[in-house]
């Protein structure tokens, strides 16, 4: 497992192609003051800091082949940013990877989140195995 001392959310790196689009879309619906207020009330201080300055959209991914399939590591996962958990919480990411791989290969793969930034890991790691 990738380990590190758990940093407070305001110190997490958070770069993702989806994050700027999500913030802009939510801001269009709720307004910027509403988005700030909701993120503050929900305890998402890490998100609130991006309302005035959008995060960059440079992903930092690593893909390695394994005997069972491949491992995808995302050092900039935003699905679990500002969260703390005892097990991986990147369920949206797992489903997205599963469907993308199925679309690309016409085969079903087992996709499992095995490490997560919300657990204190440096990155979110997903194992992809052919079913």
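The values are calculated or read from the model by the stated rules, or taken from the named source; none is laboratory data. Keep in mind that this is a model prediction, so the values were computed, not measured. Ideal geometry is used to build each Cβ from the backbone, glycine not excepted, and the neighbour counts take in all protein chains shown.
Go through the range 97-123 and give me each residue that's part of a strand (DSSP E or B) and either more than 12 Å from residue 87 (Cβ to Cβ) or at pLDDT below 90 (or both).
109, 110, 111
I'd like to verify a number: residues in the range 66-83 that are assigned to a loop (DSSP other than H, G, I, E, B) and more than 21 Å from residue 120 (Cα to Cα), how many?
Taking the range 66-83 first, the residues assigned to a loop (DSSP other than H, G, I, E, B) are 66-68, 75-83.
In the following step, the residues that additionally are more than 21 Å from residue 120 (Cα to Cα) were identified as 66-68.
Residues flagged as assigned to a loop (DSSP other than H, G, I, E, B) and more than 21 Å from residue 120 (Cα to Cα) within the range 66-83 amount to 3.
Take residue 27 and decide whether it is modelled with pLDDT of 75 or more, farther than 24 Å from residue 121 by Cα and surrounded by fewer than 13 Cβ atoms within 10 Å (Cβ to Cβ).
no
For the range 85-125: of the residues being in contact with a helix residue (DSSP H, G or I) (Cβ under 6 Å, 6 or more places away or on another chain) and closer than 21 Å to residue 60 by Cα, which is surrounded by the fewest Cβ atoms within 10 Å (Cβ to Cβ)?
Applying the filter and picking the extreme gives 89.
Hey, any hits in the range 84-94 for a residue that's under 26 Å from residue 41 (Cα atoms), in contact (Cβ under 8 Å) with a residue 60 or more places away in the chain and assigned to a loop (DSSP other than H, G, I, E, B)?
Yes, the conditions are met somewhere in the range 84-94.
With 128, 63 as the choices, which residue is in contact with a helix residue (DSSP H, G or I) (Cβ under 8 Å, 6 or more places away or on another chain), more than 23 Å from residue 20 (Cα to Cα) and not in a loop (DSSP other than H, G, I, E, B)?
Answer to the selection: 128.
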